[in-house]
Amino acid sequence: MKLVILDGSAANPGDLSWDVFEKFGEVICYDVTKKDELIARAKDADILFTNKTPFTREDFLKLPKLKYIGVLATGFNVVDLAAARDYGVCVTNVPEYATGATAQMAAALLLELTNKIGMHNASVKRGEWIKSPQFCYTVSPLTELEGKTIVVVGMGKIGKRFALIAHSLGMKVIGVPHKLCASMNIDGITIPCMKYEDAIRVADVISYHCPLTPETQGLIRKEYLAVCKDGVMIINTARGPVAVEEDVVAGLKSGKIGGYAADVISVEPMLATNPLWSIKDMPNLILTPHIAWEPKETRQRLLEVAADNLQAFLKGKPINKVN
């Protein structure tokens, strides 16, 4: 059996081993696969693994040997699931492997917005502390989080984990779950819940942890921003299209948004035409290159679950199947 990994450098840039897959057959790994390279590389494979390499209905027509696609991620929108089902191809994903890491990243972005560690570290290394007449100084105002209200949009496993972190910082947490309820109990802590349009009116901080769906696309847009407090801070570790980036730019320029920190953008890798690039030097804009899932421990877990998915499929009892 032939296994082809199409974009292996994302999950494994060289610090991990692919040996968890080698017991299943011949393994061929490509660092990156461009669209026009897909068919040539995949045509003889029974099993394919992808992270962001897309599959369309036309691709399935040209891959008659294909039996299985393992998505090396939680999101699986890169695969036309209806087409996969029509062509008898099983598609699996890896849910929840990065729950802790993503919540940790959201917390890091929040603290960078409020404590500006990177900015002050750079100032010290420029020699400004050496020149300071006082024992301490700030290059930008800092914000205390205790007592502030944070709205967590999306109360799945990641949202719940981040809500606990925010609560531990003394913040007042409001949840916006997919299905509205009065409150949620998380590890003995009661988190009140509200509708999105009501919750954002009282938020000092809004953090997004929702999947990308027709309902969540464009949740961060001018109509909703208009009812937010002036200076609201926004964290996006969900998906780039949850934000209308032109509206984020306008909000940052006007001061309606006090800070925007995101690990995701609408098109990845980032395009030079992205509206956020035009304001890249604004100190209250923080962008990281989709790295919440990147800790080595997290990626090792990803590979192990992906191997378990494949083994279950080969035994005729697929798990984490998404089609």
Check: Computed over the Cα atoms of the stretch 2-44, what is the ratio Rg over Rh, Rh following Kirkwood?
Finding: 0.98
Notebook entry, point to check: Let a ≥ b ≥ c be the square roots of the eigenvalues of the Cα gyration tensor of the stretch 20-82; is it rounded (a/c under 1.5), or, if not, prolate (a/b larger than b/c) or oblate?
Noted result: rounded
Check: Considering only the other residues whose Cβ falls under 14 Å of the Cβ of residue 25, what net charge follows from Lys and Arg at +1 and Asp and Glu at -1?
Finding: -1
Margin query: I'd like to check one number: the per residue accessible area of the stretch 1-106, probe 1.4 Å, reported in Å² as a whole number.
Written below: 44
Next item on the list: Two decimals is fine: what is log10 I(q)/I(0) at q = 0.13, 0.22 Å⁻¹ for the stretch 95-220, from a Debye sum with one equal scatterer on every Cα and no solvent?
Entry: -0.60, -1.27
Item checked: In nm, spacing of pseudo-spin labels at residue 136 and residue 267 (7 Å Cα→C-beta vector) -> 4.5
Notebook entry, point to check: Want the number for residue 61 to residue 16: 0.36 nm per residue separation, take away the alpha-carbon distance, what's left?
Noted result: 12.9 nm
Check: Relative contact order for the chain using alpha-carbon pairs under 8 Å, separation at least 6, rounded to a whole percent?
Finding: 16
Check: Once the other residues with Cβ under 15 Å from the Cβ of residue 249 are scored (Lys, Arg +1; Asp, Glu -1), what is the net sum?
Finding: +1
Notebook entry, point to check: Karplus couplings for the stretch 276-290 from phi (6.51 cos²θ - 1.76 cosθ + 1.60, θ = phi - 60°), rounded to Hz, Gly and Pro as x?
Noted result: 5, 5, 5, 10, 4, 8, 5, x, 9, 10, 10, 10, 10, x, 6
Next item on the list: Can you tell me how much longer the chain between residue 183 and residue 253 gets when fully stretched, taken as 0.36 nm per residue apart minus their C-alpha distance, in nm with one decimal?
Entry: 21.7 nm
Next item on the list: Give the Rg/Rh ratio for the chain, taking Rg as the radius of gyration of the Cα atoms and Rh as the Kirkwood radius, to two decimals.
Entry: 1.02
Checklist line | Net length gained if the chain between residue 230 and residue 29 were fully extended (0.36 nm per residue, minus Cα distance) | finding: 67.4 nm
Note to self: Show me the three semi-axes of the equivalent ellipsoid for the stretch 183-253, from the C-alpha gyration tensor (sqrt of 5 times each eigenvalue), largest first, rounded to whole Å.
What the structure shows: 22, 15, 11
Notebook entry, point to check: Over the chain, what is the percentage of antiparallel beta bridges among all DSSP beta bridges, to the nearest 5?
Noted result: 10
Checklist line | Rounded to 5, the percent of DSSP beta bridges in the stretch 84-219 classed as antiparallel | finding: 30
Notebook entry, point to check: For the chain, which whole-number percentage of the solvent-accessible area (1.4 Å probe, protein heavy atoms only) is attributable to carbon and sulfur atoms?
Noted result: 55
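The values are calculated or read from the model by the stated rules, or taken from the named source; none is laboratory data. Here the structure is a predicted model, which is why all the values come from computation and not from measurement. When we count neighbours, we look across all protein chains shown, and the Cβ atoms used for this are built from the backbone with ideal geometry, even at glycine. Quick note on the areas: whole protein, heavy atoms, side chains included, nothing else; ligands and nucleic acids left out. Shrake-Rupley method; radii C 1.70, N 1.55, O 1.52, S 1.80 Å.
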